[in-house]
């Protein structure tokens, strides 16, 4: 409860004090020291929880014999995670607080690298397409888009309008055939519904 409340306060740019944090939660200020060893520990816990939830969500993405489809599905899962916990997601990338378990954050990124490597070995991507570089560009593009939506710069509909097309463009740039890439992206996004952070609506991604 305190982790989510701290993330929400930070996302709303509210001053985060011990009293403000526990107000209305039924917890005492001592709970922050008992469970997190003070405010610095709480900030670490907030970031860590975000990466832990992301890793769990990406762990659930099915691995198939189409690695490009799997990359698309991982991207869809990433955006779903961001929309499910928008405040926590935004705090995840505040590097002012260290992570207790950096390997957990690396594990999430490792899913993208592994799928990109499989795509290269399956001759979907070029031999010189570095999996880590492909994963970095793919992640950066998705992160940038979802942050623009979460901060209100772009409307929610921008996700469904652009995310699949951006994924396809990245995969083609890595060497995939445009038509085959579009088919894999459609398969990876099949059945995915992105929900607005307020939980009021959802949209199904359109065709690439």
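The values are calculated or read from the model by the stated rules, or taken from the named source; none is laboratory data. Quantities reported herein were computed from a predicted structural model and do not represent experimental measurements. Don't worry about glycine lacking a Cβ; one is built from the backbone with ideal geometry, like all the others, and counts go over all protein chains shown.
Is one or more of the residues making up the stretch 132-140 free of Cβ contacts under 8 Å to residues at least 40 places away in the same chain and within 12 Å of residue 68 (Cα to Cα)?
Looking through the stretch 132-140, at least one residue is free of Cβ contacts under 8 Å to residues at least 40 places away in the same chain and within 12 Å of residue 68 (Cα to Cα).
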(message) Cβ-Cβ distance below 9 Å, separation of 6 or more or different chains: which pairs start in the stretch 187-208 with a residue that is closer than 10 Å to residue 156 by Cα and end on one that is at pLDDT below 50 and part of a loop (DSSP other than H, G, I, E, B)?
(response) 194/204; 194/205; 195/201
(message) Suppose the filter is over 24 Å from residue 187 (Cβ atoms) and either under 12 Å from the mean Cα position of the chain (by Cα) or outside any loop (DSSP other than H, G, I, E, B) (or both); does residue 106 pass it?
(response) yes
(request) Please work out if residue 27 is in a loop (DSSP other than H, G, I, E, B), modelled with pLDDT under 85, surrounded by 13 or more Cβ atoms within 10 Å (Cβ to Cβ) and touching a helix residue (DSSP H, G or I) at 6+ places or on another chain (Cβ under 7 Å). (result) yes
(message) Here is a list: 107, 118. Which entry is touching a helix residue (DSSP H, G or I) at 6+ places or on another chain (Cβ under 6 Å) and either modelled with pLDDT of 95 or more or over 17 Å from residue 50 (Cβ atoms) (or both)?
(response) 118
(request) May I ask you to verify whether residue 170 is touching a residue at least 24 places away in the same chain (Cβ under 8 Å), under 19 Å from the mean Cα position of the chain (by Cα) and surrounded by fewer than 20 Cβ atoms within 10 Å (Cβ to Cβ)? (result) no
(message) Quick check on residue 57: is it within 27 Å of residue 191 (Cα to Cα), in contact with a helix residue (DSSP H, G or I) (Cβ under 6 Å, 6 or more places away or on another chain) and not in a helix (DSSP H, G or I)?
(response) no
(message) Within the stretch 94-131, take every residue that is within 30 Å of residue 152 (Cα to Cα) and without any contact (Cβ under 8 Å) to a residue 12 or more places away in the chain and give me the one that is surrounded by the fewest Cβ atoms within 10 Å (Cβ to Cβ).
(response) 95
(request) Kindly provide the set of residues from the stretch 145-161 that are farther than 20 Å from residue 91 by Cβ and assigned to a loop (DSSP other than H, G, I, E, B), ordered by number. (result) 154, 155, 156
(request) Would you check which residues across the stretch 152-162 are more than 21 Å from residue 108 (Cβ to Cβ) and either touching a strand residue (DSSP E or B) at 6+ places or on another chain (Cβ under 7 Å) or touching a residue at least 24 places away in the same chain (Cβ under 8 Å) (or both) and list them? (result) 156, 157, 160, 161
(request) Go through (1) under 30 Å from residue 185 (Cα atoms); (2) modelled with pLDDT under 60 and name the single condition residue 32 misses. (result) (1)
